Amino acid sequence: MATLNVLVAVCLAYVALLFGVAFMAERAALRGRVKWLRSPVVYTLSLSIYCTAWTFYGAVGYAARSGLEYLTIYIGPTLIMVGWWWVLRKMVRVGRAQRVTSIADLISSRYGKSTILAILVTTMAVAGTTPYIALQLQSVTLSFAAFAGTTEIAGVGNSRWTALWVAVGLTLFTILFGTRNLDANERHHGVVMAIALEAVVKLFALLAVGVFVVWGMSGGVGAMLEQIDASDIGSWQMQGGRWAGLIFLSAAAFLTLPRMFQVLVVENENEDHLRLASWAFPTYLMLMSLFVVPIAVVGLARLPQGANPDLFVLTVPLSQGQTGLAMLSFLGGFSSATSMVIVAAIALSTMVSNHIVMPIWLRVAYGGAKMSGDVRNLVLFSRRVAIAVVVLMGYIYYRFSGGGAALAAIGLVSFAGVAQFLPAMLGGLFWRGATRTGAIMGLITGFAVWTWSMLLPSFGTGEILSPQVFEAGPWGLGWLRPHALFGIDGLDPLVHAILWSMSLNTLVFVAVSLGSFPSPLERLQGAQFVDVFLHSARPQSWSGGVAQSEDLLIMAQRILGPIEAQALFRRAASKQGLVGYLPEPVPDFLNELERELSGSVGAATAHAMVGQIVGGASVSVKDLMAVADETAQMMEYSSQLEIKSEELTRTARQLREANEKLTALSVQKDAFLSQISHELRTPMTSIRAFSEILRDTDGLRSAEKAKYASIIHDEAVRLTRLLDDLLDLSVLESGQVNMNMRRGTLKDILDHAMAAAGGGKALPVQRNRENEHIGLWTDLDRLAQVFINLIANAQKYCDASQPELRILVKPGQAGGIDVDFVDNGSGIPHDRQEMVFEKFARVSDQGAGGAGLGLAICREIMVRLGGRITYLPGQGGGAFRVSLPGEALTTSA
Amino acid sequence: MGKSVLLIEDEPNIIEAISFILLRDGWEVNTHANGQTALARIAEKKPDVVILDVMLPGASGYDILRGLRAEPETHDLPVLMLTARGQNKDRDMAEKMGASQFMTKPFSNADVLEAVRSLVGS
């Protein structure tokens, strides 16, 4: 029992190490040291979650039962990796271009962002993966039991508790490191690092046991080979059909297993990493399989009859009293099991939350995309719950199945289940003609055949299906016998199930695809997927127009977080040559936004959310024409011509733009002169009219005289102020102004500005003075002028019943700071936000005194100070952001 | 005698000045400051002369003028346009639209009076 205690201690220490590594990796990623974390080596190692406990323990058991057949499980993935150029590269490229979050997302996205497909694939993936998770729990439990000396397996005594504790621990780890980021494309550095470590541990452990067996027990390579020759395993008994079936199955599963898709595509940082992985991963597999036969042979020879061959890796060293080595071997198996469960749980929880929870939420909270509140919490919460549920289901399956079947058999059932995604996925990547209906029907067919001929029988004869059904078929229908469909008898049950499920799946998929028409969106997505290498970024769907950029921003803020969303919108706006945060909702931008969102909530949901705001039809005639043109392949023949004409078009456009700019400048100049004329003449009119009245009218009362004189006076002052402003502006614009750079603190400038604007009496101001102790090196008076202007504007224009201004200081871009002035009024209408900084632009009709030059001056001042002033939409009131550059900050206040 | 004038203008001080001049000359003066509702107000008051500013909140003076000329009832109503822009093309525009007379701000009080009188007399 002492060893068992030590084992528990080692186990806990190992888990603590994993936590530590994951934590450090997350920290390093935060500090930007991503390059090292994301080397191709780490990528390759992370692929090793293909080798689960099934491969670690089960391969030896498999070899002991069926000879070299276990190799097929390695050959399939090897073929895929070696041929990466054809399939994997395309998958990764599409995955990255479309910001795909899971295999369900890939398939749904390809077939017109179909919600039904996403739900279907998610459900199938959960059904197919649950037995696999159960398998991992079982292997950990069995290996514990082997140590405890109770070789009587599972279901007895504390093994139930072992499995439960393992399940709880894995759930915690996965939630902690797997749901830190919402955006699945932001990648889980911690988890990947931990998996890479586990990959090393399991390989090392298996090699160590192998070396011990060959050199420690059998006396070297020569003796070992003789021993192998002598045993049954040595005789080469290859069943062609079964081998081909298994190789195909493992190759298919390598591509379609949710956890493999997660590490292969979603966690992939760089397409070029595939180059290294294409030979390094097969090498890893080769090393993993190197000592399988020796261990199996020695186990069969040295251990008592009836010992479980699935545990030879563990029991062979134990039988020799090599507790340390056995401990290492245990850790190897433990690593294999835990890394699989963690990644599978992350992959499945992303699918469940994106494709099942979010669509339901969207439907229940109708128009929900515009409601207030943060969706990120909902998504993260649903992901966490999904992780717990997925692992729990694995545990329940483990308890229910009683751990009876051999490890390899359960693994194959899982493989065959997820392999059903293959036709829809490959068809989607390589065949334009594949349609949504075809994919749905194919998947359902394949899955049904798999359930009937493989999953249900896997529980054992008499468990779910009675022996009668196996003998005579359900209701006496002989052609529906699970192991002899359509009366074809005598096939190996596995080959039989793969053959029928895959061929019927493919047949139905192709036939229905040929017989159905894809929707316009499907056509576009199809073109994007199939021809991903031709055009990785083509406009695809939205025709904006009616979309409200501000609503989109509000929604994006709630999913991506305010900082990311604002940055995204500003980038898009500046790409369009606009200032501020609201780009035109052109198709390009909407597609980009949708892809960003789909990184967080999946393609179908993102499409639905954008659709709710943009509304209505999403595919324009022009888009369709583009597809039609492509299918006709006219472009390929005329590419040369096209380049020429593109050049011409470009030149013409440049000329047109230059011309437009000149015209606009001239119009602008006219408008400016006419505006100045208006602004000057208006006060002059009053002055002239009243001075004539005073001069020409007899018998004016003295009160009247005083009143008219004061009007003349006020208008003269207004005229002067206007001239001052104009002068100020022209000096600032010509750049002939000297900035009077001085040291000061933000707090003092804000205090000064508030006092100059009349204090907090006219309008209560909320500040957080703690944040304002920031030293500045700038023109303090000019900056104060900007602040005074903003405060005075809020006093004038904030139309709330209890007006209030908040001044918020936040870290800005490139080491600078942002000072936000947010009031609680109705803000500036969307169509005016662009022009508030223009000269003479007044938003309200009630001329509240100013000539409309204040914000124009503010803009010029901020440009001179190296910063900027922008209108910040979507803050629930008028909001201006003054950004100061990093150079304006001094370290000490 | 009490001929009536409707002054459509949005600067309070200019309203006060013109009202003062006209009232002293014996006119009945009504004022209105919003461009959007100006046509309705004219229809309601049926003034003898309209003084119309070009730059108004809600609608431009040109829009109002076009509206007036399109209705048979107000087709011949005398309209004195005031503008603070004072460029030739503004004057051309006003004439094309059918303004009876056009004046640039700032104006002399006597000119305004004379213009209004002559418009009613004609």
Checklist line | Solvent exposure ordering (accessible area, 1.4 Å, most first) of A:Phe248, A:Phe381 | finding: A:Phe381, A:Phe248
Check: Which net charge results for the neighbourhood of A:Ile75, defined as the other residues with beta-carbon distances under 14 angstrom from its beta-carbon, given Lys and Arg at +1 and Asp and Glu at -1?
Finding: 0
Checklist line | In nm, spacing of pseudo-spin labels at A:Met741 and A:Leu727 (7 Å Cα→C-beta vector) | finding: 2.7 nm
Notebook entry, point to check: What's the extension gain from A:Leu507 to A:Ala652 if we count 0.36 nm per residue and subtract their Cα-Cα distance?
Noted result: 47.0 nm
Next item on the list: May I ask you to give the percent of accessible area on the range A:207-302 that is carbon plus sulfur, with a probe radius of 1.4 Å?
Entry: 62 percent
Next item on the list: Could you compute the FRET efficiency for B:Ser4 and B:Asn88, with r as their C-beta to C-beta distance and R0 at 22 Å, rounded to 0.05?
Entry: 0.10
Checklist line | Contact surface B-A: accessible area buried, both sides summed, square angstrom, 1.4 angstrom probe | finding: 2100 Å²
Notebook entry, point to check: In the full protein assembly as shown, how much of A:Glu646 is accessible to a 1.4 Å probe, in Å² to the nearest 10?
Noted result: 90 Å²
Next item on the list: Enter the accessible area per residue of the range A:640-734 (Å², integer; probe 1.4 Å; all protein chains in place).
Entry: 67 Å²
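Give me the 1.4 Å probe accessible area per residue for the range A:2-406, excluding ligands and nucleic acids, in Å².
Numbers: 14630 Å² over 405 residues.
Spelled out: the 1.4 Å probe surface of the range A:2-406, per residue, equals 36 Å².
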Next item on the list: Could you pull the accessible area for A:Lys644 with a 1.4 Å probe, rounded to 10 Å²?
Entry: 130 Å²
Item checked: Label point 7 Å beyond Cα of A:Ala756 along Cβ direction - residues of the range A:766-788 with amide nitrogen under 17 Å -> A:776-788
Check: Once you charge only the Cβ atoms, +1 for Lys and Arg and -1 for Asp and Glu, what is the size of the charge dipole of chain B about its Cα centre, to the nearest 20 debye?
Finding: 140 debye
Notebook entry, point to check: Averaged over peptide A:668-679, how many Cβ atoms belonging to another chain are found within 10 Å of each residue's Cβ?
Noted result: 3
Next item on the list: Could you sort the residues of the range B:16-45 by number and keep only those whose accessible area is reduced by 50 Å² or more in the all-protein-chain setting relative to the chain alone, 1.4 Å probe?
Entry: B:Glu16, B:Phe20
Check: So, how do all the Cα-to-Cα distances of the range A:640-734 break down into 5 Å bins, in percent, from 0 on up?
Finding: 3, 11, 12, 13, 10, 9, 8, 7, 6, 5, 4, 4, 3, 2, 2, 1, 1, 0
Checklist line | Estimated distance in nm for a label pair at A:Gln305 and B:Glu114, the labels positioned 7 Å out from Cα along Cα-to-Cβ | finding: 13.6 nm
Checklist line | Principal axes of the range B:4-121: Cα extent on each, largest first, Å | finding: 33, 32, 28
Note to self: Need one number: the % of Cα-Cα pairs in the range A:2-406 sitting beyond the 27 Å mark.
What the structure shows: 50 percent
Checklist line | Förster radius 30 Å - calculated FRET efficiency between A:Thr123 and A:Trp215, Cβ distance, rounded to 0.05 | finding: 0.05
Item checked: Flagged links, alpha-carbon separation over 31 Å, of A:Lys661/A:Lys796; A:Lys747/A:Lys796; A:Lys707/A:Lys761; A:Lys839/B:Lys89; A:Lys575/A:Lys761; B:Lys3/B:Lys96 -> A:Lys661/A:Lys796; A:Lys575/A:Lys761
Checklist line | Where labels lie 7 Å past Cα in the beta-carbon direction, separation of A:Val717 and B:Thr37 in nm | finding: 3.1 nm
Next item on the list: First obtain the Kirkwood hydrodynamic radius of the range A:741-890 from its Cα pairs, then insert it into the Stokes-Einstein equation at 37 °C and 0.692 mPa s, and state the resulting D in µm² per second as a whole number.
Entry: 213 µm²/s
Notebook entry, point to check: By accessible area of protein heavy atoms, probe 1.4 Å, what ranking do A:Asp531, A:Asp748 get, highest first?
Noted result: A:Asp748, A:Asp531
Next item on the list: Residues in the range A:63-91, backbone N under 14 Å from the label point at A:Ala244 (7 Å along the Cα-to-beta-carbon vector): list them, ranges by number please.
Entry: none
Next item on the list: Give, in nm to one decimal, the length gained when the segment between A:Ala448 and A:Asp799 is fully stretched (0.36 nm per residue of separation minus the Cα-Cα distance).
Entry: 120.0 nm
Note to self: Could you give the length gained by full extension between A:Leu290 and A:Glu887, i.e. 0.36 nm per residue of separation minus their alpha carbon distance, to one decimal place?
What the structure shows: 208.9 nm
Margin query: I'd like the FRET efficiency for A:Ile563 and A:Asn771, computed as 1/(1 + (r/R0)^6) with the beta carbon distance as r and R0 of 22 Å, rounded to 0.05.
Written below: 0.85
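The values are calculated or read from the model by the stated rules, or taken from the named source; none is laboratory data. These numbers were taken from a predicted model, which means no experiment stands behind them. Neighbour counts run over all protein chains shown; Cβ positions are idealised from the backbone, glycine included. For accessibility, only protein heavy atoms count, side chains too; no ligands or nucleic acids. Shrake-Rupley method; radii C 1.70, N 1.55, O 1.52, S 1.80 Å.
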